[in-house]
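Shown next, in structure tokens, is the structure this report addresses.
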Amino acid sequence: MAPSGSPSTRRGAMHAGVHARKQPEIIAPELLMLAYRGGIFPMADHRDDPDIFWVEPRKRAILPLDGLKVSRSLARALRRERFRVTCNAAFGQVLGECAAPRPGEDKGEDEGGESWISRRIAASYMRLHELGHAHSIECWRDDRLVGGLYGVGFDRVFCGESMFSRMPDASKVALCWLVAAMRAGGFALLDCQFMTPHLESLGAIEITQAHYVRLLKAAQRSAPSPEAGEDAGDGDGDGDGEAVALPAAFAALPGEAEGVSSSPGNFIAQSLTQTS
């Protein structure tokens, strides 16, 4: 998932400050979804940048759904249900946290810097969320949002955009619930955009953009191609048919755990550690 700070490849010149901020013109949802279906995504130079540029990386990070690395401490956090986890309960808050420039400890981010999530990009993803194409996973401690992630979902694909954490393991727990929901819903591909040491430690792998596009096209069909399973291990072993929408797959997790495990968190920890 793309870090919230500015990567070294991001272009630099800062625009002059604006005295009266007006509502940014959003990227047309149809154009944005067409870009994602083609393996391209938007970025900006800084928070107040009115312009965007379209990114097609030479190398792409993906997280195989059977390859998430769950440490003992992370499994313990899941089993003890240290956080209350929700889906789409606070999309705007998660987006705002991810857009805020900050040091990147335990968030898969660069060390500070301007956010690539400009106000125009943020407004565009808010519109996608309203249309049911963008989703968030939130981690709460009591009533305080302490971690989460957001991204774009379509067919059997979820493109992770960014994540944040205000407490240790919060964003990782959100990722575990995301992966569990994707596996349960029949998804095939979790796109993380750029590789970072944080994502690599969680099991992400780097592939060429051409390879990514092949996997992307396969995941947009009703059944996966052999290449998608053999080359990247990005499915759950069967993957036949269409995926269940992410919010529905997330909502079904407690039911899947019932009668099998003592809690949804324990069920997720068991299922992920068996395949990691």
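The values are calculated or read from the model by the stated rules, or taken from the named source; none is laboratory data. The structure displayed is predicted, hence computed values, not measured ones. All Cβ positions, even for glycine, are placed from backbone atoms using ideal geometry, and neighbour counts span all protein chains on display.
Evaluate segment 68-78: report whether one residue or more is β-branched (Val, Ile, Thr), over 18 Å from the mean Cα position of the chain (by Cα) and either closer than 18 Å to ALA181 by Cα or buried (at least 16 other Cβ atoms within 10 Å of the Cβ) (or both).
There is no residue in segment 68-78 that is β-branched (Val, Ile, Thr), over 18 Å from the mean Cα position of the chain (by Cα) and either closer than 18 Å to ALA181 by Cα or buried (at least 16 other Cβ atoms within 10 Å of the Cβ) (or both).
So in segment 151-185, with the set limited to residues that are among the basic types (Lys, Arg) and in a loop (DSSP other than H, G, I, E, B), which one is surrounded by the most Cβ atoms within 10 Å (Cβ to Cβ)?
So the residue we want is ARG156.
Is it the case that segment 255-264 has a residue that's buried (at least 18 other Cβ atoms within 10 Å of the Cβ), at pLDDT 95 or above and not β-branched (Val, Ile, Thr)?
No, segment 255-264 contains no residue that is buried (at least 18 other Cβ atoms within 10 Å of the Cβ), at pLDDT 95 or above and not β-branched (Val, Ile, Thr).
On the given criteria, is ILE137 aliphatic (A, V, I, L, M) and buried (at least 24 other Cβ atoms within 10 Å of the Cβ)?
yes
Please pick out the residue among ALA20, ALA2 that is surrounded by fewer than 12 Cβ atoms within 10 Å (Cβ to Cβ) and either modelled with pLDDT under 95 or among the basic types (Lys, Arg) (or both).
From the options ALA20, ALA2, the qualifying one is ALA20.
When only residues in segment 33-45 that are more than 19 Å from CYS98 (Cα to Cα) and buried (at least 20 other Cβ atoms within 10 Å of the Cβ) count, which is nearest to the chain's Cα centre (by Cα)?
TYR36
If the requirement is being assigned to a loop (DSSP other than H, G, I, E, B) and modelled with pLDDT of 90 or more, which of these qualifies: GLY12, GLY39?
Result of the check over GLY12, GLY39: GLY39.
Would you be able to say whether some residue in segment 84-91 is among the hydrophobic types (A, V, I, L, M, F, W, C), farther than 20 Å from GLN193 by Cβ, assigned to a helix (DSSP H, G or I) and modelled with pLDDT of 95 or more?
No, every residue in segment 84-91 fails to be among the hydrophobic types (A, V, I, L, M, F, W, C), farther than 20 Å from GLN193 by Cβ, assigned to a helix (DSSP H, G or I) and modelled with pLDDT of 95 or more.
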